[in-house]
Amino acid sequence: MKSQKKYFIKTFGCQMNVYDSWRIAAMLDARGMVASKDVADADVIILNTCSVREKATNKVFSELGRIRDAKKSGALFGIVGCVARETGAKAFHRIPDLNFVLGPQSYHRLPQILENPDAKLLNIDLGGLEKFDEMPQIVHAPVVSYIPIQEGCNHCCTYCIVPYTRGPELSRSFNDVIRDTLHAAKTGAIEICFLGQNVNGYKYTDENGKIYRLSDLIRETAKMPEIQRIRFTSSYPTEMTDDLIQMFKTEHKLLPFLNMPIQSGSPDVLKRMNRPYSLDAYIKIINKLRDARPDIQISSDFIVGFPGETDNDFEQTLKIAEQIKYINSYSFKYSPRPHTAAALMPNQIPENIKRERLAVLDSALNEIQRKFNEKCIGKTLPCLCEGADKTGHHLIYRTPYMQQCIVACPKDTACPTMANIKITAANRASLRGEYVKN
Ligand code: 5AD
Ligand code: SF4
């Protein structure tokens with residue numbers, strides 16, 4: 001019997017890439033291939049790449065060098081995603097035996113290289129979102145299922161390569177999103193996370209001129225009995241419209257947790273970032289969210305060391321982090337990217353200052369997180385199980401605020417997927433808890 005062909009996929013970057021990799025895997029599964037964890041054993045090797053920071057891009061090329069040495073002869077290897085779009089044909093110059101380079105909106109063309117392995121395949125067009133309809137569905141949806149609803153971004157923040165790599169905003173049709181969500185619900189999903197670079201900018205107009213927004217998707221999804229938790233990421237502050245804010249009041253399946261990056265607490269830096277909102281406007285939106293859902297927690301992304309950022313600008317970032325009490329946040333050193341305006345700005349900040357500011361901000365954010373986690377001790381929270389830890393003796397649950405909560409495996413009963421968990425201990429990184437008998 002002929003042995004089954006194997007594929008190896010490694011994913012870098014955001015949830016959108018994670019989802020795209022799932023769809024690529026589903027496509028290869030449908031062609032009779034099987035996943036492998038070993039590059040040396042694989043017939044097709046795919047790196048799904050991220051170019052949002054320079055370090056991520058460099059990682060891809062060092063990884064490609066390692067793969068070239070480790071792969072078996074005749075195996076196909078290539079890159080998909082944002083580095084493919086950023087690098088284009090130049091990737092073949094850097095790694096001449098690379099077989100394919102496919103941008104984030106053309107990875108559904110991968111079968112072409114499987115059918116014609118002697119050719120080189122390059123496609124980095126921004127071709128729209130056909131990929132979602134041309135690829136086979138994920139057969140068994142994960143408990144937490146990501147559903148992309150829009151891709152690309154019209155905001156043009158001056159540091160960000162995404163408008164170049166993923167193109168202008170495109171929203172999928174309401175019916176397509178609901179069809180995919182229903183499929184996920186029927187095949188195992190309990191939590192739905194709607195995805196988009198600018199997810200709350202979702203706007204779809206049907207043939208009759210009817211406009212659908214993210215709030216419509218949430219309302220429809222909340223009707224699905226299998227789905228118990230809904231969230232979405234990542235949101236642009238000024239697109240947090242009242243209809244969406246009201247969802248936090250009316251739809252209890254919507255988790256009380258929102259990622260709404262502020263990036264900097266300095267009005268001057270925000271202006272140069274081309275993020276034209278005032279701190280007052282941002283805080284007003286948070287207050288409206290807290291009126292709608294008093295326990296809502298906000299997470300943010302931050303960039304430190306943006307060109308021209310002074311000590312005073314940085315102090316203002318620390319101040320806003322303390323004021324909003326962000327949890328589960330990410331902070332990054334500014335990284336100059338090709339095709340962006342900020343890369344050409346004067347007063348680029350030296351690496352050592354960026355590193356120092358990042359350490360200060362990280363420790364402030366960690367302290368806020370630790371205090372929030374400790375405040376949860378004694379509370380009972382409805383949590384979703386995401387699997388066992390490495391020892392197999394504990395289960396990892398997620399609280400409604402996306403904290404990790406570790407629970408000892410029950411000896412006599414099956415592990416419930418959704419459970420009420422009483423929080424018994426906390427540190428900065430995680431919580432510990434125990435089941436509450438209903
Ligand atoms: N340098 C550093 N961080 C960046 N991000 C986007 N572009 C850059 C860059 N050039 C961060 C932003 C964004 C997150 C996904 O990545 O904080 O929200
Ligand atoms: Fe990039 Fe987000 Fe700004 Fe869009 S809103 S340009 S994706 S940082």
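Does the stretch 31-46 contain any residue that is touching a Gly at 6+ places or on another chain (Cβ under 7 Å) and within 30 Å of PRO336 (Cα to Cα)? Write out each step before concluding.
Narrowing the stretch 31-46 to residues touching a Gly at 6+ places or on another chain (Cβ under 7 Å): 46.
With within 30 Å of PRO336 (Cα to Cα) added as a condition, the list becomes 46.
Yes, because at least one residue in the stretch 31-46 is touching a Gly at 6+ places or on another chain (Cβ under 7 Å) and within 30 Å of PRO336 (Cα to Cα).
Select the helices (runs of 4 or more DSSP H) contained entirely in the stretch 35-107, then report the ones holding at least 2 residues which are in contact (Cβ under 8 Å) with a residue 24 or more places away in the chain, open to solvent by 10 Å² or more (accessible area, probe 1.4 Å) and aliphatic (A, V, I, L, M).
Values: elements: 54-70, 82-87, 90-94.
The qualifying helices (runs of 4 or more DSSP H) are 54-70.
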Wholly enclosed strands (runs of 3 or more DSSP E) of the stretch 386-438 bearing at least 3 residues touching a Cys at 6+ places or on another chain (Cβ under 9 Å): 394-398, 418-426, 431-435
How many of the residues making up the stretch 138-180 are part of a loop (DSSP other than H, G, I, E, B), more than 15 Å from ligand 1 (Cβ to nearest atom), surrounded by 18 or more Cβ atoms within 10 Å (Cβ to Cβ) and not β-branched (Val, Ile, Thr)? 4
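Table: residues versus (1) in a helix (DSSP H, G or I); (2) within 16 Å of ligand 2 (Cβ to nearest atom); (3) touching a residue at least 12 places away in the same chain (Cβ under 8 Å).
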site: ARG219; (1), (2), (3): yes, no, yes
site: ILE230; (1), (2), (3): no, no, yes
site: ASP243; (1), (2), (3): yes, no, yes
site: LEU258; (1), (2), (3): no, yes, yes
site: PRO261; (1), (2), (3): no, yes, yes
site: LYS271; (1), (2), (3): yes, yes, no
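Given the condition open to solvent by 10 Å² or more (accessible area, probe 1.4 Å), away from ligand 2 (no atom under 16 Å from the Cβ) and part of a helix (DSSP H, G or I), answer yes or no: does some residue in the stretch 275-282 qualify?
At the first step, the residues of the stretch 275-282 found to be open to solvent by 10 Å² or more (accessible area, probe 1.4 Å) are 275-281.
If we keep only those that are away from ligand 2 (no atom under 16 Å from the Cβ) as well, we get 278-280.
Then keep just the ones that are part of a helix (DSSP H, G or I); that gives 279-280.
Yes - at least one qualifying residue is present in the stretch 275-282.
What do you reckon, is PHE257 over 25 Å from GLY13 (Cα atoms) and not hydroxyl-bearing (Ser, Thr, Tyr)?
Details: over 25 Å from GLY13 (Cα atoms): no; not hydroxyl-bearing (Ser, Thr, Tyr): yes.
Here the answer is no, as PHE257 does not meet what is asked.
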Given (1) within 15 Å of ligand 1 (Cβ to nearest atom); (2) in contact with an Asp or Glu (Cβ under 7 Å, 6 or more places away or on another chain); (3) open to solvent by 10 Å² or more (accessible area, probe 1.4 Å), index of the condition ASP268 fails: (1)
Criterion violated by ILE192 - all others in (1) open to solvent by less than 50 Å² (accessible area, probe 1.4 Å); (2) β-branched (Val, Ile, Thr); (3) assigned to a helix (DSSP H, G or I) satisfied: (3)
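Kindly check whether there is at least one residue in the stretch 354-369 that is among the charged types (D, E, K, R), farther than 17 Å from PHE302 by Cβ, at pLDDT 95 or above and open to solvent by less than 80 Å² (accessible area, probe 1.4 Å). Can you show your working first?
So in the stretch 354-369, the residues among the charged types (D, E, K, R) come out as 354-357, 362, 367.
Those still in the list that are farther than 17 Å from PHE302 by Cβ too: none.
No; the residues of the stretch 354-369 include none that is among the charged types (D, E, K, R), farther than 17 Å from PHE302 by Cβ, at pLDDT 95 or above and open to solvent by less than 80 Å² (accessible area, probe 1.4 Å).
So which residues in the stretch 202-219 are open to solvent by 10 Å² or more (accessible area, probe 1.4 Å) and closer than 14 Å to GLU151 by Cβ?
In the first step, residues of the stretch 202-219 are kept if they are open to solvent by 10 Å² or more (accessible area, probe 1.4 Å); the result is 203-213, 216, 219.
Within the stretch 202-219, LYS203, TYR204 meet the criteria.
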What residue, among those in the stretch 316-344 that are among the aromatic types (Phe, Trp, Tyr) and assigned to a loop (DSSP other than H, G, I, E, B), is nearest to ligand 2 (Cβ to nearest atom)? TYR334
Please give the number of the condition ARG290 fails out of (1) more than 16 Å from ligand 2 (Cβ to nearest atom); (2) open to solvent by 40 Å² or more (accessible area, probe 1.4 Å); (3) touching a Phe, Trp or Tyr at 6+ places or on another chain (Cβ under 6 Å). (3)
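Which of the residues belonging to the stretch 315-337 are within 15 Å of ligand 1 (Cβ to nearest atom) and either open to solvent by less than 10 Å² (accessible area, probe 1.4 Å) or closer than 20 Å to ILE353 by Cβ (or both)? Before the answer, list the steps.
Step one: of the stretch 315-337, the residues within 15 Å of ligand 1 (Cβ to nearest atom) are 317, 320-321, 326, 328-337.
THR317, ILE320, ALA321, TYR326, TYR330, SER331, PHE332, LYS333, TYR334, SER335, PRO336, ARG337, listed by residue number.
The values are calculated or read from the model by the stated rules, or taken from the named source; none is laboratory data. Please read these numbers as outputs of a predicted model, since none were measured by experiment. Counting neighbours? That spans all protein chains shown, and the Cβs are built from the backbone with ideal geometry, glycine included. Please note that ligands, DNA and RNA were not included when accessible areas were found on the heavy atoms of the full protein model with its side chains. Shrake-Rupley method; radii C 1.70, N 1.55, O 1.52, S 1.80 Å.
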